[in-house]
Amino acid sequence: MDHMKTLTRDKNNKKEIVSERGENMQNTAKPESNVILFSSAKGGSGCSFITTAISTYLARKTSVNVLLLDLNTGKRDSRVIFDVDDGNYKDYGDIGNAAGSLDTSVLKRLVINFDNSLHLIIPPLDPGKKEILEGDNFNRFLEGLRDHFDIICIDFPYHLFRYIDIGEIDIADRFVFVSLPDIVSINNTRILMEYIDNAKTHPGSYLVINKYNVRPAISPTGLTNILKFPVSSFIPYDRDIEFLINTRGPDYIFNYNLRIVRSISELSQKIYEELDL
Ligand SMILES: Nc1ncnc2c1ncn2[C@@H]1O[C@H](COP(=O)(O)OP(=O)(O)O)[C@@H](O)[C@H]1O
Ligand SMILES: [Mg+2]
């Protein structure tokens with residue numbers, strides 16, 4: 001099965017590469033596995049773009065076991081970007097209530113493995129499939145995943161905060177907030193960040209301002225006045241990169257020495273260095 005379109009391997013990457021689906025699924029993660037939750041106050045901010053790019057960077061450049069968990073139920077994005085839209089792949093809707101009692105055989109069927117060592121779990125296309133969020137399922141699903149992966153990057157759509165009580169569930173160790181640079185987006189991001197701040201004392205947070213070069217951006221001072229939080233990274237919009245990630249996959253963009261790629265790489269590196277690995 002060819003699911004390898006994204007896979008131009010970095011020559012400097014010395015780590016062991018997964019050769020076949022499922023081979024790299026032993027329980028290798030340390031107990032202190034790191035869950036990074038990526039979210040935006042509204043759609044179109046580039047949350048999925050940033051999550052995908054950072055997960056891919058971490059898989060390419062480090063020797064840790066990285067999972068990208070896409071929680072966008074009813075959305076096709078990951079299937080398109082990773083070229084796994086041929087109906088041959090399982091999604092977390094297929095495992096139903098087994099989400100709460102993950103064993104290795106379930107995981108092996110669910111996780112899609114790429115040559116660059118990135119692992120991916122995709123959402124069901126049916127927007128009504130919510131078993132994963134019911135009762136204690138999500139908590140247990142995540143605990144199961146923590147046993148198998150060193151880093152779990154969750155693409156977490158905003159509306160899920162309605163279903164998942166992050167004060168109750170130990171959902172994430174780090175938060176990455178992606179915002180557009182306009183004044184409305186920044187104000188909405190502030191609400192989101194305050195919400196997390198109230199639920200978690202001292203959340204490890206990163207604030208990313210995306211597409212800062214194409215939107216009516218507010219000044220860095222105006223930004224800091226509203227958010228009272230330092231910006232970790234300003235990511236430009238790049239039309240060629242948007243085309244490439246959607247047609248050739250996320251691995252491919254790292255072949256280009258462009259400002260956007262350098263910004264993403266630096267941010268990924270910073271996040272990586274600040275994890276408890
Ligand atoms: N900095 C960027 N450069 C180029 N394309 C981007 C950038 N940020 C987002 N995109 C593109 O913009 C579109 C919307 O981004 P997406 O990540 O889907 O937003 P969200 O997940 O927040 O709804 C996608 O086609 C994505 O590839
Ligand atoms: Mg998205």
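The values are calculated or read from the model by the stated rules, or taken from the named source; none is laboratory data. No experiment lies behind these values; they were computed from the predicted model shown. Backbone-built Cβ (ideal geometry, glycine too); neighbour counts: all protein chains shown.
V214 meets the stated requirement of being touching a Pro at 6+ places or on another chain (Cβ under 9 Å), of a type in the set (A, V, I, L, M), surrounded by fewer than 20 Cβ atoms within 10 Å (Cβ to Cβ) and free of Cβ contacts under 8 Å to residues at least 24 places away in the same chain.
Residue by residue, here is whether (1) part of a loop (DSSP other than H, G, I, E, B); (2) among the small types (G, A, S) holds:
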position	(1), (2)
S45	yes, yes
T56	no, no
A59	no, yes
T73	yes, no
R79	no, no
Y89	yes, no
G100	no, yes
L142	no, no
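Among residues of the stretch 223-264 being within 22 Å of S117 (Cβ to Cβ) and touching a Lys or Arg at 6+ places or on another chain (Cβ under 8 Å), the one that is surrounded by the fewest Cβ atoms within 10 Å (Cβ to Cβ) is R248. Considering only the stretch 162-206, state which residues are closer than 10 Å to S39 by Cα and either polar (S, T, N, Q) or within 16 Å of the chain's Cα centre (by Cα) (or both). Answer for the stretch 162-206, where residues must be closer than 10 Å to S39 by Cα and either polar (S, T, N, Q) or within 16 Å of the chain's Cα centre (by Cα) (or both): F175, V176, F177, V178, S179, T189. On the stretch given as the stretch 60-98, residues that are hydroxyl-bearing (S, T, Y) and farther than 18 Å from S268 by Cβ total 4.
The set of residues from the stretch 50-72 being near ligand 2 (Cβ under 10 Å from one of its atoms) and touching an Asp or Glu at 6+ places or on another chain (Cβ under 8 Å) comprises T51, T52, D70, L71, N72. Residue count for the stretch 178-216, restricted to those that are within 16 Å of ligand 2 (Cβ to nearest atom) and either modelled with pLDDT under 95 or not basic (K, R) (or both): 9.
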